[in-house]
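Data first, discussion second: the structure below is written as structure tokens.
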Amino acid sequence: MLKAKILFVGPCESGKTVLANFLTESSDITEYSPTQGVRFESCWPALMKDAHEVVIVLGADMPSHRKEMEMWYSCFVQQQSLQDTQCMLIAHHKPGSGDDKGSLSLSPPLNKLKLVHSNLEDDPEEIRMEFIKYLKSIINSMSESRDREEMSIMT
């Protein structure tokens, strides 16, 4: 059985915990409660160790989050030598914020990443289906890598 370590990172109040709970069916959607355990940069190296994939979550209705995206990408993707295919951006629309999918423009290199909009109020299944596709690509990539490694040992 393959196990993948997927990090959900991004600015405060972007929706990381509520999305992770929803996607893993861990809990119902609840009110905002800060996830205090990982607010400090000193924890990041331990989090990043052996990560296979990174999901960067930003609040779609919070312009300040867009300014932070390059820092999250640099720290959690580039500095860890992950490929762009190992990263997904989620523009999370909080309840009542609307669903304007066209207003998010990202500069290079972020514009090369897979961008998915989530709105758990209006269309929760859309993000679930996109995440399942993302998981399948992770599993395929990990399986191919494992097969190559096994073949190199055998030859």
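The values are calculated or read from the model by the stated rules, or taken from the named source; none is laboratory data. It should be emphasised that the depicted structure is a prediction, and the values quoted were computed from it without experimental measurement. Methodologically, a virtual Cβ is constructed for each residue, glycine included, from the backbone with ideal geometry; neighbour enumeration extends over all protein chains shown. Areas reflect the complete protein model, heavy atoms only, side chains present, ligands, DNA and RNA absent. Shrake-Rupley method; radii C 1.70, N 1.55, O 1.52, S 1.80 Å.
Note down all Cβ pairs under 6 Å where the first residue falls in the stretch 39-60 and is modelled with pLDDT of 90 or more and small (Gly, Ala, Ser), the second is open to solvent by 40 Å² or more (accessible area, probe 1.4 Å) and in a loop (DSSP other than H, G, I, E, B), and they're at least six residues apart or on different chains.
As it stands, the answer is 51/5, since those pairs meet every condition given.
From the set of residues in the stretch 13-36 that are in a loop (DSSP other than H, G, I, E, B) and at pLDDT 90 or above, which is farthest from residue 123 (Cα to Cα)? If you could, list the steps in order and put the result at the bottom.
If we filter the stretch 13-36 for residues that are in a loop (DSSP other than H, G, I, E, B), which is where we start, we get 13-15, 24-35.
Applying the additional criterion that residues be at pLDDT 90 or above yields 14-15.
Working: 14: 18, 15: 15 Å.
Here the answer is 14.
Could you give me the residue pairs with C-beta distances under 8 Å whose first residue belongs to the stretch 123-139 and is within 18 Å of residue 5 (Cα to Cα) and touching a residue at least 24 places away in the same chain (Cβ under 8 Å), whose second residue is open to solvent by 70 Å² or more (accessible area, probe 1.4 Å) and not charged (D, E, K, R) wherever it lies, and which are 6+ apart or on separate chains?
Pairs found: 137/85.
Of all residues in the stretch 116-134, which are open to solvent by less than 60 Å² (accessible area, probe 1.4 Å) and out of contact with any His (no Cβ under 7 Å at 6 or more places or on another chain)? Steps first, answer last, please.
Just the residues of the stretch 116-134 that are open to solvent by less than 60 Å² (accessible area, probe 1.4 Å), to begin with: 116-120, 124, 127-128, 130-131, 134.
Passing the criteria: 116, 120, 124, 127, 128, 130, 131, 134.
Show the residue pairs that are 6+ apart or on different chains and have beta-carbon atoms under 6 Å apart, the first residue being within the stretch 72-96 and more than 20 Å from residue 19 (Cα to Cα), the second being open to solvent by 40 Å² or more (accessible area, probe 1.4 Å) and part of a helix (DSSP H, G or I).
Taking only residues 6 or more apart or on different chains, the pairs are 84/112.
I'd like to know if the stretch 123-138 contains one or more residues that are at positive phi and in a loop (DSSP other than H, G, I, E, B). Can you show your working first?
Of the stretch 123-138, the ones at positive phi are none.
No, the stretch 123-138 contains no residue that is at positive phi and in a loop (DSSP other than H, G, I, E, B).
Kindly indicate the residue of the stretch 135-148 that is hydrophobic (A, V, I, L, M, F, W, C) and within 16 Å of the chain's Cα centre (by Cα) and also surrounded by the most Cβ atoms within 10 Å (Cβ to Cβ) among those meeting that condition.
138
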